[in-house]
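Following: one structure in structure tokens, then a few remarks.
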Amino acid sequence: MSRLRSVQRAPWKTALGVLLTAVMLFPLYWMVNVSLTDRGAIRDAELYPRAFTFEHYRVVLGDQLPYLRTSLVVGLGTVLLTLAVAAPAGYALSKLRVPGRRLIGFLLIVAQMIPAVVMALGFYSVYNDLGVLNTLPGLILADSTIAVPFGVMLFSAFMSGIPREMLEAAHIDGASHWRTFVSIVLPISRNSAVTVALFAFLWAWSDFLFASTLNRDGGRLRPITMGLYDYIGSQNQQWGELMATAVLASIPTALLLVVAQRYISAGLTAGAVKD
Amino acid sequence: MDNVTEQRPTTTTWTEPGERATTVTRRRLPRLKPGTLAGIGFVAPLAVYLGAFYAYPLYENVSMSLHRFTRATYVTGDAPYAGSGVYREVLDSAQFWPTVVQTLTFVVVSLVFQYTIGLALAVFFERSFRLSAVLRGLFLVPWLLPIIVSATTWQWMMDADSGVINRLIGVFGVDPVWWLNSDNSLWAVIIANIWLGIPFNLVILYSGLQNIPTELYEAASIDGASRWRQFRHITFPLLKPVTAVTLLLGFVYTLKVVDIIWIMTTGTGKSQTLATWAYSMAFGKGSSAVIKYSEASVVGSILLLVALVMGFVYLAVQRRQEV
């Protein structure tokens, strides 16, 4: 795995790489460009915001703050719920004797493959009966289903690498399974927990499908994706404001990519290949 | 999942000779059945969770597909049992087969391009060069952004009158394209979806490339094999297992796409797939002005069945790779 590859001295590769990245990220540049262009000039499709303005952001910040707050609450709630379910299960599946382990493993794989629209339909009918449509806990529960299977698999993949001797030593010292879990397994698995938390947050933040079905009449208790969707649905589409909202909705991703890139790339490869 | 370690017989490698031997033999007793009860306890939240928030909603979905729900009976809750009646109606409807064909087009064309471009980029990034790590990181951004953000941006870029794409192709003398009208909408959403899927393919294929031993390439280049021959005879064959997983997961993930299509075209015209069709019927938006719970559940159940089959295929592929 850990192979030292020498860094190539190939300026043309760097140049081509920069070019390819620029092409790939062009839509994002365009989003920022439009969000900074004065309303009257947007349709000119200038390559840079020649008619520069912050006006769209001023309008949008006034409108969208409640939605951003809701998204934050939903994201954090989803993180807590996901960790609470996934970490113990990961420990059990990797280190303890669990009847039906293979079945659970299979269910977790299938769970990640179930189309969200099917889940949304089922949730809608259940929530309708229970009267929890348009509530935050309802949305948090639904959003957590995106992250829990991934979380369990990531935790159990990591925890299975914890040396058995370490846990046995704790047992010999008289620690219960719970104590072993809390004071040894969890601290060692901190990085995995950060990765799971990051993804749970990003997925909950990005969710459109559950929000648009389970929380569509939630008024201001709706997340930012719905705030953005309102702009799309309105009669006279204000593209400057739309793009400014889109930029705001992208901030957490951008921030986490800068601050926590190594956790993210750990999750991306582990989640996709190792399971 | 790699739980092979669990099956390993617990040997006594740690029994040091001497003073602690007695404690060791005494403590061995509980390890004969290492924590079945604890195992159940720790996995219980997950089991309850899977039951309540996966199995039950899915049961509800299937049950709805077998009853004839309308707006009224949805409220009162006494929809008559319909057996396979609703299934037959959906399968016989004029929309079903065109939608299946569009779904397959969407999935297959997206996958072919995502995989090819992803692989090309992975090979490009395989040997690090100045800035390569940073650039590779930047390539992930589209994957992690909220899809609604990307979809909105693409929608505006594809605007017929003032979208930047039509401006760009106009430079080359191509007439403006009505990207989002009903005939072209399938291609419009495919383009956006390819863009979205490139990072996923790049990440997996790149990590697959990292696991191919460098010695193979060194031996090949000593034998005078060109870069292309090395790719065809080393890279591509050794990447096969990773390719299988990438395409399989890609298939499942692409099949369930709703947001990108919905936001760009509300699934109208040719861009309707099974997933967006179910969404529009369930919630009475887009191509279906009326709410049709049962019909939506039928389409949902079909998608569910495909997911289940793919789950088995995935397991089978994995098992074959472990041997």
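Take the alpha-carbon centre of the stretch B:40-83, take the same for the stretch A:223-270, and report the distance between them in whole Å.
So the two Cα centres are separated by 32 Å.
Separation of the stretch A:159-218 and the stretch A:77-119 by C-alpha centroid, Å?
11
Roughly speaking, what % of Cα-Cα pairs in the protein assembly as shown are separated by over 42 Å, rounded to a whole number?
Considering the protein assembly as shown, 27 percent of its Cα-Cα pairs are separated by more than 42 Å.
Based on DSSP H runs of at least 4 residues, each adding -39500 (n - 2.57), what is the mean residue ellipticity at 222 nm of chain A after dividing by all its residues, to the nearest 500 deg cm²/dmol?
Calculated at 222 nm, the ellipticity per residue is -23500 deg cm²/dmol.
Sort A:ASP173, A:ASP230, A:ASP143 so that the residue with the fewest other Cβ atoms within 10 Å of its own Cβ comes first and the one with the most comes last.
Taking fewest neighbouring Cβ atoms as first place, the list is A:ASP173, A:ASP230, A:ASP143.
Any idea what angle helix A:101-113 forms with the longest principal axis of chain A, computed on alpha-carbon atoms, 0 to 90 degrees, nearest 10?
Here the helix axis deviates by roughly 0 degrees.
Divide by every residue of chain B the summed helix terms, -39500 (n - 2.57) for each DSSP H run of at least 4, and state the resulting mean residue ellipticity at 222 nm, rounded to the nearest 500 deg cm²/dmol.
Mean residue ellipticity at 222 nm (helix-derived): -20500 deg cm²/dmol.
If I stretch the segment between B:THR105 and B:TRP187 completely, what's the gain in nm (0.36 nm per residue apart, minus their alpha carbon distance), one decimal?
Values: separation 82, 0.36 × 82 = 29.52 nm, distance 0.94 nm.
Gain on stretching B:THR105 to B:TRP187: 28.6 nm.
State the extension gain, in nm to one decimal, for the chain segment bounded by B:GLN318 and B:LEU168, taking 0.36 nm per residue of separation less the distance between their alpha-carbons.
So the chain would gain 49.5 nm between B:GLN318 and B:LEU168.
List the residues whose amide H sits under 5 Å from the amide H of B:HIS67, counting only those 5 or more places along or on another chain, with H placed 1.01 Å from N in the peptide plane.
Close amide H contacts, sequence-distant or interchain: B:ALA82.
Fewest first, what order do A:THR195, A:THR253, B:THR36, A:THR245 take by the number of other Cβ atoms within 10 Å?
Details: A:THR195 26, A:THR253 22, B:THR36 12, A:THR245 32.
Least to most surrounded, the residues fall as B:THR36, A:THR253, A:THR195, A:THR245.
Would you pull out the residues with amide H under 5 Å of B:PHE129's amide H, same chain only if 5 or more places away, H placed 1.01 Å from N?
A:GLN8
On full extension of the chain, what length is gained from B:VAL112 through B:TYR59, given 0.36 nm per residue of separation minus the C-alpha to C-alpha distance?
15.7 nm
In nm, to one decimal, how far is the modelled label at B:LEU91 from the one at A:ALA169, with both set 7 Å along Cα→Cβ?
Here the modelled spin labels are 6.2 nm apart.
7 Å from Cα along Cα→Cβ at both A:PHE52 and A:ILE188: what's the point-to-point distance in nm?
For A:PHE52 paired with A:ILE188, the spin-label model returns 5.4 nm.
Can you tell me how the stretch A:62-274 classifies by the Cα gyration tensor, rounded, prolate or oblate, using a/c under 1.5 as the rounded cut?
Verdict is prolate for the stretch A:62-274.
From a point 7 Å beyond the Cα of A:ALA260 in the direction of its Cβ, which residues of the stretch A:178-210 have a backbone N at a distance under 14 Å?
A:190-206
Please list, or write none, the aspartates and glutamates whose alpha carbon is within less than 16 Å of the alpha carbon of B:LYS240, excluding same-chain residues fewer than 8 places away.
Straight-line reach from B:LYS240, under 16 Å: B:GLU322.
Considering Cα pairs under 8 angstrom that are at least six residues apart, work out the relative contact order of chain A and quote it in whole percent.
For chain A, the relative contact order is 31 percent.
With 10 angstrom as the radius, rank B:SER294, B:SER63 by how many other C-beta atoms surround their C-beta, starting from the fewest.
B:SER63, B:SER294
List the chymotrypsin sites (Phe, Trp or Tyr not before Pro) within the stretch B:94-188 that DSSP assigns to loop and that have no more than 14 neighbouring Cβ atoms inside 10 Å.
B:PHE172
Counting only C-alpha contacts under 8 Å and six or more residues apart, can you give the relative contact order of chain B as a whole percent? List each step's numbers first, then the result.
Working: 319 pairs, mean separation 72.6, N = 323.
This gives 22 percent for chain B.
All of the numbers you see were taken from the coordinates with simple rules; none came from a lab. Values in this document were obtained by computation on a predicted structure and should not be read as measured data. Glycine also receives a Cβ, built like all others from the backbone with ideal geometry; neighbour counts cover every protein chain displayed.
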